[in-house]
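The values are calculated or read from the model by the stated rules, or taken from the named source; none is laboratory data. Remember, predicted model here, so these are calculated numbers, not experimental data. Glycine gets a Cβ as well: all are built from the backbone with ideal geometry, and neighbour counts include every protein chain shown. Ligands, DNA and RNA are excluded from the accessible area calculation, which covers all protein heavy atoms including side chains. Shrake-Rupley method; radii C 1.70, N 1.55, O 1.52, S 1.80 Å.
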2 protein chains.
Amino acid sequence: MLGSWNDGAAKSAILDFVARVTKPGGREYVPPAERVATFDNDGTLWCEQPMQVQIFFLLSRLHSLAEKDPSIKVRQPFKAFLEQDLAAIRLLGRQGALEVAFAVYAGMTDEELDGLSREWLASATHPKLGRLFTRLTYQPQVELLGYLRENGFKTFIVSGGGIGLIRAFAEAVYGIPPEQVIGSSVRTAFALQDGRVQLLRRAELNSFDDREAKVENIGLHIGRRPILAFGNSDGDLAMLRYTRTGPGPRLALLMHHDDPVREVAYDRDFALSPLAEALDQVDDYGITVVSMKRDWKTVFDA
Amino acid sequence: MLGSWNDGAAKSAILDFVARVTKPGGREYVPPAERVATFDNDGTLWCEQPMQVQIFFLLSRLHSLAEKDPSIKVRQPFKAFLEQDLAAIRLLGRQGALEVAFAVYAGMTDEELDGLSREWLASATHPKLGRLFTRLTYQPQVELLGYLRENGFKTFIVSGGGIGLIRAFAEAVYGIPPEQVIGSSVRTAFALQDGRVQLLRRAELNSFDDREAKVENIGLHIGRRPILAFGNSDGDLAMLRYTRTGPGPRLALLMHHDDPVREVAYDRDFALSPLAEALDQVDDYGITVVSMKRDWKTVFDA
């Protein structure tokens with residue numbers, strides 16, 4: 001089990017925690033129904049460099065639109081995306097990029113966006129790593145999700161990314177069904193089209209599922225405090241603290257990208273999703289750091 | 001199976017539907033992951049007469065508050081509740097009653113409300129029927145939920161009632177965990193109390209989960225169109241139509257309370273949650289009516 005994890009403090013903390021909460025009659029036993037584990041997605045379950053996958057997806061959509069309407073090419077912020085101007089995209093910030101995405105998909109139905117997402121994910125590859133994006137998931141994390149479920153946990157994604165794109169692949173890739181995915185979302189509107197009820201996407205933000213909003217959305221969607229949470233940025237700190245400060249046994253894990261050879265080394269300087277405060281406070285908040293370089297035998301599957 | 005259901009068109013429709021979607025290799029086979037079934041709660045899974053259980057719960061809270069602050073007794077809308085003035089409560093409407101509840105629980109944590117709900121449900125009884133409210137669930141529906149799950153369905157509640165109260169009993173009574181309960185909700189706020197992260201309830205509505213909002217919330221929380229839905233009022237019609245108008249096999253069921261001997265006969269005249277349009281349109285919308293009088297052998301458990 002956890003074959004892609006190196007022996008060490010992080011792996012031991014996980015194995016020990018799971019043993020304690022699953023031991024029948026043990027002092028720290030947690031009934032299966034309360035074994036809720038929440039995972040951030042970008043940078044925690046799959047690669048988010050040089051920018052989040054959802055931004056590549058947005059880019060492909062903008063290229064299609066620009067073919068029909070070339071005026072898009074000279075209008076900001078679309079121009080920045082089409083020219084892959086990373087500095088300008090990073091300046092928009094992650095919420096800014098999300099808002100462009102929301103505008104671009106407005107008027108589509110939820111089911112149309114799902115179809116578009118699946119189609120794109122079936123063939124889109126990472127520009128540098130040359131792999132399908134869906135193969136940029138971290139092998140040790142896929143193992144960890146499976147290991148937790150084998151031990152009676154229910155696994156959830158709680159991501160700042162758009163909920164629709166994640167739902168389009170999370171079941172096949174992580175074994176996490178759509179109803180266990182929480183993410184950023186737009187408001188939708190009930191509509192009748194040719195006698196069929198549809199949910200139309202509006203260009204209005206419902207929730208930017210980052211920082212404190214992650215905790216509020218866990219309350220709304222799950223209704224139970226997680227006993228295990230895993231993140232990789234300051235956007236996950238509220239969720240890690242919410243998890244860690246509940247009564248009884250709790251495990252909060254923080255991924256540190258410190259492996260420039262097998263992936264990328266980054267933390268404070270990544271404008272789209274920095275890791276600074278969470279890293280500085282790991283001792284105070286009782287957070288366990290996972291070092292990609294030290295703790296993972298394998299990063300991506302073979 | 002479905003021992004509390006009488007043989008007849010409604011029971012046959014259910015058995016036939018489940019047989020078709022679960023038959024391996026069948027033309028209408030639906031994979032287990034897509035077998036989503038959504039149920040309204042008040043009037044569909046348990047009794048909502050003479051008013052919804054959540055209003056009785058609110059009343060008990062108001063009595064506690066009035067002991068500390070007697071001025072509440074002469075202030076509307078609290079006065080109407082404390083005097084059990086049904087006509088006045090009905091005039092407020094269900095959303096109005098919910099808003100009173102939101103004000104009264106504001107500032108509590110989600111976990112405090114959960115504790116309060118469980119405490120109340122453990123001993124509160126229906127004034128006329130003399131049973132615990134949690135024993136006012138309909139036996140045929142508890143059987144139906146179990147039958148669907150045995151056949152690979154995932155069962156959800158989609159209720160206009162406050163999400164917190166339902167989550168406090170749905171797992172024990174219906175076998176439906178908190179994360180599969182959707183309901184009306186207030187906004188919450190991340191807060192630190194004595195070093196512990198809490199979700200504080202604000203006095204601001206997040207979602208009144210009724211009518212079209214039920215469909216929008218299914219999109220947000222589940223991310224999949226149900227293949228079976230069960231409701232009992234016009235507040236459920238949007239959900240029934242959303243379910244019924246998807247491609248492939250679909251079943252939309254509508255409970256009709258027509259049994260004054262074993263429960264109550266009501267539909268159009270029930271101001272808190274009327275049934276009129278949905279009943280008038282069953283043929284046009286392909287909805288299967290379940291008559292309490294005709295289709296249920298038993299209403300409540302023995």
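Being open to solvent by 20 Å² or more (accessible area, probe 1.4 Å) and among the aromatic types (Phe, Trp, Tyr) is true for just one of B:PHE190, B:PHE230, B:PHE169. Which residue is that?
Details: B:PHE230 fails: open to solvent by 20 Å² or more (accessible area, probe 1.4 Å); B:PHE169 fails: open to solvent by 20 Å² or more (accessible area, probe 1.4 Å).
After applying the criteria, what remains is B:PHE190.
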TODO: Restricting attention to the range A:157-190, report how many residues are within 9 Å of chain B (Cβ to nearest Cβ) and in a loop (DSSP other than H, G, I, E, B).
DONE: 1
Open item on the list: Could you go through the range B:198-210 and let me know if any residue there is crowded, with 22+ Cβ neighbours inside 10 Å and modelled with pLDDT under 95.
Closed with: no
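Can you name the residue in the range A:216-226 that is hydrophobic (A, V, I, L, M, F, W, C) and open to solvent by less than 10 Å² (accessible area, probe 1.4 Å) and, of all such residues, is nearest to the other protein chains (Cβ to nearest Cβ)?
Within the range A:216-226, the match that is nearest to the other protein chains (Cβ to nearest Cβ) is A:ILE222.
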TODO: Tally the residues that are farther than 15 Å from A:ALA9 by Cβ, part of a helix (DSSP H, G or I) and more than 20 Å from the chain's Cα centre (by Cα), restricting the search to the range A:255-297.
DONE: 3
TODO: Would you mind stating whether B:GLU277 is closer than 20 Å to B:LEU144 by Cα, among the acidic types (Asp, Glu) and away from chain A (no Cβ under 14 Å)?
DONE: no
TODO: For the range B:74-96, enumerate the residues that are surrounded by 17 or more Cβ atoms within 10 Å (Cβ to Cβ), closer than 20 Å to B:PRO274 by Cβ and in contact (Cβ under 8 Å) with a residue 24 or more places away in the chain.
DONE: B:ILE89, B:ARG90, B:ARG94
TODO: Specify the residue that is nearest to A:TYR242 (Cα to Cα); the eligible residues are those in the range A:5-64 that are assigned to a loop (DSSP other than H, G, I, E, B) and acidic (Asp, Glu).
DONE: A:ASP40
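Go over the candidates A:GLU143, A:GLU111, A:GLU99 one by one and state the one that is surrounded by 15 or more Cβ atoms within 10 Å (Cβ to Cβ), assigned to a helix (DSSP H, G or I), within 14 Å of chain B (Cβ to nearest Cβ) and charged (D, E, K, R).
A:GLU111
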Open item on the list: Can you confirm whether B:GLN193 is more than 7 Å from chain A (Cβ to nearest Cβ) and either hydroxyl-bearing (Ser, Thr, Tyr) or in contact (Cβ under 8 Å) with a residue 40 or more places away in the chain (or both)?
Closed with: yes
TODO: Kindly indicate whether B:ALA19 is under 21 Å from the mean Cα position of the chain (by Cα) and open to solvent by 10 Å² or more (accessible area, probe 1.4 Å).
DONE: no
- [ ] State whether one or more residues within the range A:56-73 are in contact with a strand residue (DSSP E or B) (Cβ under 8 Å, 6 or more places away or on another chain), surrounded by 14 or more Cβ atoms within 10 Å (Cβ to Cβ) and either of a type in the set (S, T, N, Q) or under 23 Å from A:VAL158 (Cα atoms) (or both).
- [x] no
- [ ] Select from the range A:227-237 the residues that are part of a helix (DSSP H, G or I) and over 27 Å from B:ILE222 (Cβ atoms) and write down the one among them that is farthest from the other protein chains (Cβ to nearest Cβ).
- [x] A:ASP234
- [ ] Hey, could you check the range A:238-255 for residues that are open to solvent by 10 Å² or more (accessible area, probe 1.4 Å), in contact (Cβ under 8 Å) with a residue 40 or more places away in the chain and more than 9 Å from chain B (Cβ to nearest Cβ) and say which is nearest to A:ALA276 (Cα to Cα)?
- [x] A:LEU251
- [ ] Identify, from the list B:GLN76, B:GLN52, the residue that is polar (S, T, N, Q), modelled with pLDDT under 95, touching a strand residue (DSSP E or B) at 6+ places or on another chain (Cβ under 7 Å) and on the phi < 0 side of the Ramachandran plot.
- [x] B:GLN52
